[in-house]
Structure formats: structure tokens, C-alpha cells
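Read the figures in this text as sums done on the coordinates, not as results from a lab. Predicted model only: the values in this text are computed from it and were never measured. Reconstructed Cβ throughout: ideal geometry from the backbone, glycine too, with neighbour counts over all protein chains shown.
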Amino acid sequence: MISKNIASDVSKLLARDTSGHGIEHVERVVKLALSLAESEEADKNVVTLAALLHDVDDYKLFGQESADGLLNARQILDKHKVDEETAAAVLEIIGSMGYNKYLEGIRPSTLEGKIVSDADMCDAIGAIGILRTHAYALSKGNEFFDNTLSPENGTMSADQYRAARKGHSVQHFFDKLLKISEILMTEAGRREGEKRKAIMVNFLEELFAEEGAQEWQGYLRAYGASVSDYNGNK
Ligand code: ADP
Ligand code: NI
């Protein structure tokens, strides 16, 4: 099985990761992408390969040169003799997805790209998303919630987003995670995203209640439905 061998190469490359980009993330993205692909006429081989390889040239782990040239992805596709057309489709997807690319105005253009991008973004939100922010904060020595600060509203530039990496996790929900469901590109992805957003709103409501952070409850209201509203209305 070619994708099994590729998964093993990806696993080795991502072994150095401590911030939520490990092979477990990749395996969840493959699974969710294939499930989103069920309701669309997508090429599942391209979806699987792009999902497997989408983080092997992440600039945070492998540097800018690797990110610009997609060097690891190319090397793996080459090694496993993936045909040229498939490899080109996969590289096109990897080079056009990710939140930073979105902030730069770059989005995937193919159906397979939209599916893999939605699956990757969905893995940053919902229950898993909450756990990943906690793991990230621990790995960076950041606080999870600093209620002496207040969230900034509005959209950030790619530079501002990179600079925000030192902030507390709750800030990250307001900067990015609560907005993700709005930028998903497939019907099935948007449905999954809405559900996961409601889980985060519910969690934050509870966190702010337990911490006595009324001011933050107010900020959260802009993001609408919690799980109980969602279950009641849909
Ligand atoms: P991705 O590659 O999935 O877009 P990132 O590289 O931005 O994700 O971050 C990896 C994981 O760490 C994600 O789950 C993200 O939500 C989380 N994360 C990123 N920045 C922060 C932060 N400042 N505080 C808490 N969690 C963060
Ligand atoms: Ni990812």
C-alpha cells in the first residue's frame, strides 16, 4: 500500500513536532478529508496524498526554504513514484492551503484542495482543537487563559498572526479558531465546522463562568450559538 509507506515517511519527519502537528493530526485530517469527500465527487487518491503530505513542509518545523519549495513533499512523491499528474495536483493543494495562505489571499482552487483544507482547519477546532491549544500552550510555556488582557477584534495580517504565537490560548480562539467555520469551502466542511464551533463556544462560556470572567462572556456573545442552542435549533 503506497499510502501506508508514505504515512510512515511522514511520521518520521513529523516526529520532532511538539506543537500539534504530529502524525496523529495528519491521520485525523486524512480520515476527516475522506469522510468529507464522501458527499463530493472528489479524487480520493489525491485527497489522501495531499492530506498525508500537507504538513511535511510547514515553515515552523522545516524552515522557509522547505515551505517555499515544498521540498519534503516533492521528495516523498518522487521516492514513491507517484505519477506526475497526481503529484502536481497534490503539490498545488499543499502550496495553497493553511491559515497563513488564507491571510495572504491564497486559497485552494480544486475540489480536492477545498476538502483537505477544510479537514485541516476542522482539526484545529472542536474538542480536538481545544486539546491542541492546551498542548500548544504547554509546549511554549504560555498561559491558557490570562483574563487581565482583552481580545482584539478584527482580522489580522499574516505578520500579526505570526507575532501572536506567544499569546495565551484563549486569545487564539478569538484571533482564529472561532472564525474558522466561516471560511470553510465545502458544504460538508461547513456543517462539521459549525458543530465544532458550538463545542468551543460552550467550553469558553463554561471556562469564563468558572473563572468569573464576565467581561469575556460579553466578547463571546458575538460568536453566537453554543452547543445547547445548536442542538435545540437545528
Ligand atoms: P495549523 O497548521 O493546523 O493551521 P498552527 O500551526 O497554527 O495550526 O498551530 C498548531 C496548533 O496549535 C493548532 O491546533 C493551533 O490552534 C494551536 N495554536 C497555534 N497558535 C496558538 C496559540 N497562540 N495559543 C494556543 N494554541 C495555538
Ligand atoms: Ni495541519
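Worth a mention:
- Exposure proxy ranking for ILE115, ILE93, ILE106, ILE180, based on other Cβ atoms within 10 angstrom of each Cβ and starting from the fewest, stands as ILE106, ILE180, ILE93, ILE115.
- With an a/c value of 1.5 or above and a/b larger than b/c for the gyration tensor axes a ≥ b ≥ c computed over the alpha-carbon atoms, the chain is described as prolate.
- Dipole axis of the chain (+1 Lys, Arg; -1 Asp, Glu on Cβ), positive-most option in ASN45, VAL90, SER66: SER66
- Gyration tensor verdict on the stretch 23-143 (Cα atoms; rounded if a/c is under 1.5, prolate if a/b is larger than b/c, oblate otherwise): oblate
- Helical mean residue ellipticity (222 nm; -39500 (n - 2.57) per DSSP H run of 4+; nearest 500) of the chain: -19500 deg cm²/dmol
- Against the chain, whose longest principal axis comes from its Cα atoms, helix 44-53 is set at around 70 degrees.
- 11 Å beta-carbon shell around ALA67, net charge (K/R +1, D/E -1): -3
- Cα gyration tensor shape of the stretch 54-120, rounded if a/c is under 1.5, else prolate or oblate by comparing a/b with b/c: oblate
- THR110, THR148, THR48 arranged by Cβ crowding within 10 Å, fewest neighbours leading: THR148, THR110, THR48
- Computed extension length for ASP83-GLN64: 4.2 nm, one decimal, from 0.36 nm per residue of separation with the Cα-Cα distance subtracted.
- The chain, relative contact order [Cα under 8 Å, separation at least 6], %: 17
- Order of GLU84, GLU211 under a 10 Å beta carbon neighbour criterion, fewest first: GLU84, GLU211
- Length gained when the stretch THR110-ASP146 is fully extended (0.36 nm per residue, less Cα-Cα span): 8.9 nm
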